[in-house]
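Quick notes on the structure that follows.
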Amino acid sequence: MEAFAYTDINAPLVERCRLGDRRAQAEIYKRYAKAMFNASLRITGDYAEAEDVLQESFLSAFRELHSYKGDSSFGSWLKRIVINKSINCLRNRRLQLVPLADQHDSAAVETDSGEFDAEEIGWRADVVRRCVQELPDGYRVVLSLYLLEGYDHAEIAGILNITESTSKSQYSRARKKLLELARQHGL
């Protein structure tokens, strides 16, 4: 089997950014701003904070572009910056994971495998997005990192300085709380 080298389609643009080309920076911003804003918003849960994180992330990325080695896509590298800054934003707000005593045991509609039956619940994207924003910070962060950003529980544990089992339990509780909120919103 022949091996293929990874090539980032943005490599020429990134190189121009390294040379201080403002137009290249504007193009990189245009390509990634919306996705990075959404990633930050899912973690911070606050529109204004997500905007601030977005701006700080791009400034950091352009300032630290020399540390980007190209062994992953530029988008992945930038997303890591955005996620770290979003989490730091939460830490500055004194991120508190919800204690076990505050667990909400709702009668969740789940399949035998523990997954939610999306057809039975009738999810609507706009309502679900609002419900996610209503989750406590700890729940929302773990749920977003795991479900939406694709990190596994070991990676989340490292990012948040928690145990892997805490990440798993926060994710499980977040799913249950999300279902409870969805029911309150008429889903």
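The values are calculated or read from the model by the stated rules, or taken from the named source; none is laboratory data. As the structure is a prediction and not an experimental result, all values here were calculated from the model. Cβ atoms come from the backbone with ideal geometry, glycine included; neighbour counts cover every protein chain shown.
Listing for the model above:
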| read-out | value |
| --- | --- |
| Helices (runs of 4 or more DSSP H) completely within the stretch 1-93 that count 1 or more residues being under 18 Å from the mean Cα position of the chain (by Cα) | 22-44, 47-63, 74-92 |
| Selection within the stretch 107-133 - surrounded by fewer than 17 Cβ atoms within 10 Å (Cβ to Cβ) and at pLDDT 80 or above | 130, 133 |
| The stretch 158-187, residues that are of a type in the set (Val, Ile, Thr), closer than 15 Å to residue 87 by Cβ and assigned to a loop (DSSP other than H, G, I, E, B) | 162 |
| Complete set of residues in the stretch 132-157 that are out of contact with any Asp or Glu (no Cβ under 9 Å at 6 or more places or on another chain), part of a helix (DSSP H, G or I) and not β-branched (Val, Ile, Thr) | 134, 137, 138, 139, 143, 144, 147, 148, 155 |
| Extreme residue, surrounded by the most Cβ atoms within 10 Å (Cβ to Cβ), among residues of the stretch 59-88 that are at negative phi and among the small types (Gly, Ala, Ser) | 86 |
| Residue within the stretch 89-102 that is closer than 30 Å to residue 24 by Cα and either surrounded by 18 or more Cβ atoms within 10 Å (Cβ to Cβ) or at pLDDT 90 or above (or both) present | yes |
| Selection from the stretch 20-46 of residues that are of a type in the set (Asp, Glu) and more than 14 Å from residue 85 (Cβ to Cβ) | 21, 27 |
| Test: residue in the stretch 35-57 that is touching a residue at least 12 places away in the same chain (Cβ under 8 Å) and over 25 Å from residue 147 (Cβ atoms) | no |
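Yes/no matrix, rows are residues, columns are (1) touching a Gly at 6+ places or on another chain (Cβ under 9 Å); (2) on the phi < 0 side of the Ramachandran plot; (3) in the same structural domain as residue 130 (by TED's automatic domain parsing); (4) buried (at least 16 other Cβ atoms within 10 Å of the Cβ):
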{"position": "27", "(1), (2), (3), (4)": "no, yes, no, no"}
{"position": "30", "(1), (2), (3), (4)": "no, yes, no, no"}
{"position": "34", "(1), (2), (3), (4)": "no, yes, no, no"}
{"position": "39", "(1), (2), (3), (4)": "no, yes, no, yes"}
{"position": "45", "(1), (2), (3), (4)": "no, no, no, yes"}
{"position": "48", "(1), (2), (3), (4)": "no, yes, no, no"}
{"position": "51", "(1), (2), (3), (4)": "no, yes, no, no"}
{"position": "54", "(1), (2), (3), (4)": "no, yes, no, yes"}
{"position": "57", "(1), (2), (3), (4)": "no, yes, no, yes"}
